[in-house]
Amino acid sequence: MQTWLKDRQLNFLVGVNLLIVIVATVMSHGQFVDIDNLQSMGGQLPELGLLALGIMLSMVSGNGGIDLSGVGLANLSGMIAAMLLPHLVSADDSPALYTAVFIAVVVTMGALGGALNGVVIARLRLTPILATLGTSLLFTGIAVVLSNGASVRVEYVDPLSAIGNGTWFQIPVSFAIFVVTVLVLGWVLKRTPFGLRLFLMGTNPKAAFYAGIPRSRMLIVTYCVCGVLASLAGLISASHTSSAKWDYGNSYLLIAILIAVMGGVNPAGGYGRIVCVFLAATALQFLSSLFNLLGVSQFFGDCAWGFLLLASLAFAGGEKVRTIFGIGAKTSATTGR
């Protein structure tokens, strides 16, 4: 508890979330906390949040790690599943089986795409930003060729549609998936040898090498997980709209990076907290919903997001700002919580 109270980034994000909720509730005359608006926000958050988690993992791995292919892989995963499933399972005869196979195909595609990123970065020693930029264009190009640039229809079945549109005890199913993912990933990073190795590798690659940590294997697994997170975002998008297209969510990449950095993740590697990334995502979603309710231009919303990022960096303190911009380096691993 004392560690949490001393974390300025966490305190700032908690305060910002509370402030936005209070101001939004007053300005909207209570409409902001209406159950319909809360469900709407809960349904919109997971796609961006899952992509931001993938960005966080790639950054924590160090060596300038970043995954720019998330949106392209998410779209490709949903599109291939939508095109392949009608040849494998009848949606009308077996809706549950159709949904299960659809999920399996999407997640498998995400894992394969992430593994490709990991292999290119780890084995070919390419810079992550260039490698994932290349694979992003590759994934998008494949999607365009397969669909001729058009959207692909996803068969409507109740179990699949419920992922993107349904609720469970008034909680959007997609938001529940996101929260479970946050909890599982947070536990993995904090409580397992994989998490310790990942943070050490990002903090001090030389120490990780002498400690016997298999760098190539860790990078491949890390980017594979990033791919799975992106595919889950693609699954939610496809089930929500009952379609998949190569250009869905084109603006999501920069927003996901914004969420990760505002959550205190160090692009130089070795530091990041799941809870802070989650709170950064909720803060941006709250702001976006407030602007929609008030009819404020999205251009002003972008300005507010930028101001919030600068305020977050400033409040984090000088040492944190220096590490975020790669001017200074941490000397010990910090686990995500």
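Read the figures in this text as sums done on the coordinates, not as results from a lab. Predicted, not measured: the structure shown is a model, and the values here were computed from it. Don't worry about glycine lacking a Cβ; one is built from the backbone with ideal geometry, like all the others, and counts go over all protein chains shown.
Remark on region 27-119: hydrodynamic radius 15.9 angstrom, per the Kirkwood mean of 1/r across alpha carbon pairs. Taking the centroid of alpha carbons for each part, region 214-285 and region 63-82 are 10 Å apart.
Peptide packing for 112-118, 17-23, 227-233 was compared via the average number of neighbouring C-beta atoms within 10 Å per residue; ordered from the highest value, the list is 227-233, 112-118, 17-23.
Go through 212-221, 301-310 and give me the packing order, highest mean Cβ count within 10 Å leading.
So the order, starting with the most tightly packed, is 212-221, 301-310.
Once you've got the GNM for the chain with C-alpha springs shorter than 10 Å, pick whichever of GLN285, GLN31, GLN44 has the biggest mean-square fluctuation. Highest fluctuation of the listed residues: GLN31.
With 0.36 nm allotted per residue and the present C-alpha distance subtracted, the PHE299-HIS87 stretch has 71.9 nm of extension available.
Three principal axis extents describe the C-alpha atoms of region 127-270; from largest down they are 53, 41, 27 Å.
Report the calculated FRET efficiency for LYS190 and LEU18 (r = Cβ-Cβ distance, R0 = 35 Å), to the nearest 0.05.
0.90
Working ranking of peptides 52-60, 248-256, 180-188 by packing, defined as the average number of other Cβ atoms within 10 Å per residue, highest first, is 52-60, 248-256, 180-188.
Under the rule of -39500 (n - 2.57) per DSSP H run of 4 or more residues, summed and divided by the residues of the chain, what mean residue ellipticity at 222 nm is obtained, to the nearest 500 deg cm²/dmol?
It comes out at -24000 deg cm²/dmol, rounded to the nearest 500.
How much length, in nm to one decimal, is gained on full extension between THR127 and SER40, taken as 0.36 nm per residue of separation minus their Cα-Cα distance?
Length gained between THR127 and SER40: 27.5 nm.
Computed extension gain for VAL179 through ALA100, at 0.36 nm per residue and net of the alpha carbon distance, reaches 26.4 nm. For the chain, lysine pairs separated by 8 or more sequence positions, or belonging to different chains, with Cα-Cα distances below 18 Å total 5.
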